[in-house]
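Student: First the structure, which I've put down as structure tokens, then a few questions once you've had a look.
The values are calculated or read from the model by the stated rules, or taken from the named source; none is laboratory data. Keep in mind that this is a model prediction, so the values were computed, not measured. Glycine gets a Cβ as well: all are built from the backbone with ideal geometry, and neighbour counts include every protein chain shown.
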Amino acid sequence: MSGDYRFRKFSDGQQRIYHGAVHLYAAYLEALRATRPFRGGMHWKKIKGRQYLYQYVDRYGHGRSLGPRAGPTEELLAEFNQARQAAAARLRDLRPQLTEQARFCRAALLHRVPRTVTRVLRQLEQHEVLRENVMVIGGNAIHAFEFAAGVFLESSETLNLLAISGGSLTLATHRQAPPAELLALLRKADRSFAALGGQGFRAVNRGGYLVQILSLGPQTTGVRGGAGETMAGAGGNLHYLLSSPKFSQVVIGKDGSPATMVVPDPRAFALHQLWLSEQHGREESQPARDRGLAMAVAQLVLGYLPQYHFFHADLRRFPDEVVRRAADLAAESDLATDLDVEY
């Protein structure tokens, strides 16, 4: 099961530059959040000859009155403007620092993730609902595990990471959003995105990059798997993956800029890919690819993420057949001595 791929650990310099990018990006996100209360602004509005202080929450003029013009409201407006200017200045100061850090990341060869992926992820981070409720579930998820472990998985003949993650981004969520809203979000990342027909939400840009968002919908929200259940088709299987603990990691895009990627627990991801490799009716190359990806993530966890333990209670929501198959494959491999296969 070891395959013909290998892991390359980050050098000390790469670790230092990466952690610098993570801390700087956290400061930037905090500064960005600090500007949100000032969206829309605060202005005087004349009504029947008298001025009132209004706070607007969006560009469409929605807002509320804070009272007629007087000492307290004038003081409130002055404090608001002062705080807004301070928040904007903080954000303005951090942006060139991020640009400089991106150059360091590129020079250190940390720029790993397709540019379109990180652009979309940064837009998701700014969405009030989706940023907490969307997971990357396709091959791109392996990048989150790499950066968490401080290693790069080297591509190989049987496990081509470029082929796995280079042409599409698959997201999954319990929370539905209107297709028009999803498309508008993608177009903030790349104006050329256009929606595709068919079931579910899919969009493609002029370069052929596909983004699809899978949603369980409200009827299956909160569903949990358990012992004795059988694994259903792709849609029915999705709730096992979405119900796993979330795993969040800052990754570095091809342009050197960071983004936060939320993915399933790496053990759940490996089990899911293993399940996919056993399904019939798929393209000839997909089962081997999915099995290779499952085994690569399993090795990464065992070798570089020791805080995660396979067949822990966290994963008992997966059906017995999936866990049993994982144990059987482990027994055939050089990982057998490292896995506790009791379930």
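Student: Could you pull out the residue among R267, R291 that is basic (K, R) and within 18 Å of L242 (Cα to Cα)?
Tutor: R267
Student: Is there a residue in region 89-100 that is in a loop (DSSP other than H, G, I, E, B) and over 23 Å from the mean Cα position of the chain (by Cα)?
Tutor: no
Student: Right, something else. Can you tell which of H111, H43 is surrounded by 13 or more Cβ atoms within 10 Å (Cβ to Cβ) and assigned to a strand (DSSP E or B)? Break it down stepwise before answering.
Tutor: Working: H111 fails: assigned to a strand (DSSP E or B).
Testing whether each residue is surrounded by 13 or more Cβ atoms within 10 Å (Cβ to Cβ) and assigned to a strand (DSSP E or B) leaves just H43.
Let's see how each residue does on (1) free of Cβ contacts under 8 Å to residues at least 60 places away in the same chain; (2) charged (D, E, K, R):
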position	(1), (2)
K246	no, yes
G253	no, no
E283	yes, yes
Q286	yes, no
Q299	no, no
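Student: Identify, from the list A232, A227, the residue that is in contact with a helix residue (DSSP H, G or I) (Cβ under 6 Å, 6 or more places away or on another chain), surrounded by fewer than 14 Cβ atoms within 10 Å (Cβ to Cβ), at pLDDT below 75 and in a loop (DSSP other than H, G, I, E, B).
Tutor: Result: A227 is the single residue among A232, A227 that is in contact with a helix residue (DSSP H, G or I) (Cβ under 6 Å, 6 or more places away or on another chain), surrounded by fewer than 14 Cβ atoms within 10 Å (Cβ to Cβ), at pLDDT below 75 and in a loop (DSSP other than H, G, I, E, B).
Student: Return the residue satisfying two criteria in turn: it lies in region 123-134 and is within 9 Å of the chain's Cα centre (by Cα) and under 20 Å from L24 (Cβ atoms), and of such residues it is surrounded by the fewest Cβ atoms within 10 Å (Cβ to Cβ). Break it down into steps so the answer makes sense when it comes.
Tutor: First pass over region 123-134, keeping only residues within 9 Å of the chain's Cα centre (by Cα): 124-125, 131, 134.
Okay, now just the ones that are also under 20 Å from L24 (Cβ atoms), so 124-125, 131.
Values: L124: 24, E125: 19, R131: 14.
Only one residue tops the list, namely R131.
Student: Can you pull out the residues in region 178-204 that are assigned to a loop (DSSP other than H, G, I, E, B) and either buried (at least 18 other Cβ atoms within 10 Å of the Cβ) or outside the structural domain of R131 (by TED's automatic domain parsing) (or both)?
Tutor: Hits for region 178-204 are D190, F193.
Student: Which of (1) in contact (Cβ under 8 Å) with a residue 12 or more places away in the chain; (2) exposed (fewer than 13 other Cβ atoms within 10 Å of the Cβ); (3) in a strand (DSSP E or B) is the odd one out, the single condition R59 does not satisfy?
Tutor: (3)
Residues are listed down the side, and each one gets a yes or a no for (1) among the aliphatic types (A, V, I, L, M); (2) at pLDDT 95 or above:
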| position | (1), (2) |
| --- | --- |
| D4 | no, no |
| F7 | no, no |
| R16 | no, yes |
| G20 | no, yes |
| A27 | yes, yes |
| G41 | no, no |
| K46 | no, no |
| Y54 | no, no |
| D58 | no, no |
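Student: Still on this structure: When you scan region 136-158, do you find a residue that is touching a Lys or Arg at 6+ places or on another chain (Cβ under 9 Å), in a helix (DSSP H, G or I) and surrounded by fewer than 19 Cβ atoms within 10 Å (Cβ to Cβ), even just one? Full working, then the answer.
Tutor: In the first step, residues of region 136-158 are kept if they are touching a Lys or Arg at 6+ places or on another chain (Cβ under 9 Å); the result is 139, 143, 146-147, 149-154, 156, 158.
Next, only the ones that are in a helix (DSSP H, G or I) stay: 139, 143, 146-147, 149.
Then drop every residue that is not surrounded by fewer than 19 Cβ atoms within 10 Å (Cβ to Cβ), which leaves none.
The answer is no; no qualifying residue exists.
Student: Can you name the condition, by its number, that R267 falls short on among (1) closer than 22 Å to Q249 by Cβ; (2) in a loop (DSSP other than H, G, I, E, B)?
Tutor: (2)
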